[in-house]
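Student: Could you have a look at this structure, given as structure tokens, before my questions?
The values are calculated or read from the model by the stated rules, or taken from the named source; none is laboratory data. No experiment lies behind these values; they were computed from the predicted model shown. All Cβ positions, even for glycine, are placed from backbone atoms using ideal geometry, and neighbour counts span all protein chains on display.
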Amino acid sequence: MQVRIHAIADSAGVRVLELRAEGDAQLPSYEAGAHIDVTLGNGLVRQYSLCCRQPGGDAYRIAVKREPQSRGGSAWLHDEATVGMTLQIGQPRNAFALVPEADMHLLFAGGIGITPILSMAYALQRRRQPFQLYYFVRDVAGAAFAAELQSGPLAGRVQVLAGLTPEQTAARIRTDLSTHPVAGTHVYVCGPAPFMQTVATEAGQFAVHQESFGAPPANADAETAFTLTLHRSGRQVQVAAGRTALACLQEAGVELDCSCEVGVCGTCRTTVLEGTPLHCDAVLSDGERQANNCFMPCVSRALTPVLVLDL
Ligand code: FES
């Protein structure tokens, strides 16, 4: 689907883009937490969470932080994208949905991780469901959407916490969690990997839902080679040390959808029939990891010499 960049707003290293459909076309609706693939002018495909106040209609809003170590996505959107330019986007997809039956939703955002959390907060407010949003930032002046959060309709449910050390952050999260019962309370977190790990650790007893964009997941033991057996054809594909399973499958002529190639979008999810994957993605829930019946071949590897795939 083609969209046009309708407006750009820059502040403190974060660029907010408003994307509109061409002509009178409407954009597909979506659930809070969803993201879209954006094909950039340099050919790269990147995932960005939708952070609109209201899903659907004729505009999407995404926010992009300039990453110093950009692999070409954020740098292109910051340096090359201009109002009026067209971009290709994919259908909204959601691997980070709210759980409607929760009694309480606790939303934790670290830095630019605010983007999916913001649309979740608006959705919960529209549904009149109880929630609290904790937004951890380095400084308020450099925090995306801080003014909107502090003075807009969400203000009464938001705490912006600036300049905390990792220890203070952990203590603060612990304190916030301690006032809520474990049963019925769902915790949602998005942000840098260390922040997400802190929330996941402190909220160990709670139902935790997480999404990570931008930062590649922890690297696997890339030194270990393994074999993929393709169940439907009986073929075998060797994954050498230092290569990804996805690259080796593609090289062998296996057609597999993929997008981010860093384990954060879920597009390449593949069913595992036998063997134990070494999960290195940021998509699967703890339960899905333990079930070991699928993996993301763009980053994940194998704990057993062979993985049998439903391919
Ligand atoms: S292509 Fe995105 S998780 Fe593998």
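Student: Could we say that V158 is at pLDDT below 95 and touching a strand residue (DSSP E or B) at 6+ places or on another chain (Cβ under 7 Å) here?
Tutor: Taking the combined requirement at face value, the residue does not satisfy it.
Student: Of these, I112, I117, which one is of a type outside the set (D, E), surrounded by 21 or more Cβ atoms within 10 Å (Cβ to Cβ), modelled with pLDDT of 95 or more and closer than 25 Å to A7 by Cβ?
Tutor: Working: I112 fails: modelled with pLDDT of 95 or more.
After ruling out the rest, the residue left standing is I117.
Student: Scanning for something under 25 Å from F96 (Cα atoms), charged (D, E, K, R) and within 16 Å of the ligand (Cβ to nearest atom), does the stretch 263-280 turn up at least one residue?
Tutor: Checking the stretch 263-280: at least one residue is under 25 Å from F96 (Cα atoms), charged (D, E, K, R) and within 16 Å of the ligand (Cβ to nearest atom).
Student: Assigned to a loop (DSSP other than H, G, I, E, B), more than 17 Å from A12 (Cα to Cα) and touching a helix residue (DSSP H, G or I) at 6+ places or on another chain (Cβ under 6 Å) - does that describe any residue in the stretch 148-157? If you could, list the steps in order and put the result at the bottom.
Tutor: Kept after step one, since they are assigned to a loop (DSSP other than H, G, I, E, B), are these residues of the stretch 148-157: 152-154.
Pick out the ones that are also more than 17 Å from A12 (Cα to Cα) and you get 152-154.
Narrowing the set further to residues that are touching a helix residue (DSSP H, G or I) at 6+ places or on another chain (Cβ under 6 Å) leaves 154.
Scanning the stretch 148-157, I find at least one residue that is assigned to a loop (DSSP other than H, G, I, E, B), more than 17 Å from A12 (Cα to Cα) and touching a helix residue (DSSP H, G or I) at 6+ places or on another chain (Cβ under 6 Å), so the answer is yes.
Quick grid of which residues meet (1) within 29 Å of G73 (Cβ to Cβ); (2) at pLDDT 95 or above; (3) hydrophobic (A, V, I, L, M, F, W, C):
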{"residue": "T270", "(1), (2), (3)": "yes, yes, no"}
{"residue": "H279", "(1), (2), (3)": "yes, no, no"}
{"residue": "A291", "(1), (2), (3)": "no, no, yes"}
{"residue": "P305", "(1), (2), (3)": "no, no, no"}
{"residue": "V308", "(1), (2), (3)": "no, yes, yes"}
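Listed here are the residues, each with its yes/no results for (1) polar (S, T, N, Q); (2) assigned to a strand (DSSP E or B); (3) at pLDDT below 95.
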{"residue": "R174", "(1), (2), (3)": "no, no, no"}
{"residue": "H180", "(1), (2), (3)": "no, no, no"}
{"residue": "A183", "(1), (2), (3)": "no, no, no"}
{"residue": "F195", "(1), (2), (3)": "no, no, yes"}
{"residue": "H209", "(1), (2), (3)": "no, yes, yes"}
{"residue": "T227", "(1), (2), (3)": "yes, yes, no"}
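Student: Pairs please, first residue from the stretch 82-104 and under 16 Å from V264 (Cα atoms), second anywhere and among the acidic types (D, E) and part of a loop (DSSP other than H, G, I, E, B), Cβ atoms under 6 Å, 6+ apart in sequence or on different chains.
Tutor: Close Cβ pairs satisfying both conditions: N94/E31; A97/E31.
Student: Next up: Give the stretch 43-64 a look and list any residue that's modelled with pLDDT of 85 or more and touching a Gly at 6+ places or on another chain (Cβ under 6 Å), or say none.
Tutor: Answer for the stretch 43-64, where residues must be modelled with pLDDT of 85 or more and touching a Gly at 6+ places or on another chain (Cβ under 6 Å): just R46.
Student: Among all residue pairs at least 6 apart or on different chains, which show Cβ distances below 8 Å where the first residue, located in the stretch 150-179, is over 26 Å from C52 (Cα atoms) and the second is of a type in the set (K, R) and at pLDDT 95 or above?
Tutor: Note: pairs meeting the criteria are L164/R172.
Student: Additional query: Being touching a residue at least 12 places away in the same chain (Cβ under 8 Å) and of a type outside the set (D, E) is the filter here; which residues of the stretch 139-149 pass it?
Tutor: V140, A141, G142, A143, A144, F145, A146, L149, listed by residue number.
Student: Okay, moving on. If I go through the stretch 247-262 residue by residue, how many of them are within 9 Å of the ligand (Cβ to nearest atom), under 10 Å from P297 (Cα atoms) and either outside any loop (DSSP other than H, G, I, E, B) or in contact (Cβ under 8 Å) with a residue 60 or more places away in the chain (or both)? Steps first, please.
Tutor: Start the filter on the stretch 247-262 by keeping residues that are within 9 Å of the ligand (Cβ to nearest atom), which leaves 256-262.
Checking the rest, the ones that are also under 10 Å from P297 (Cα atoms) come to 256, 258, 261-262.
Okay, now just the ones that are also either outside any loop (DSSP other than H, G, I, E, B) or in contact (Cβ under 8 Å) with a residue 60 or more places away in the chain (or both), so none.
So the count comes out to 0.
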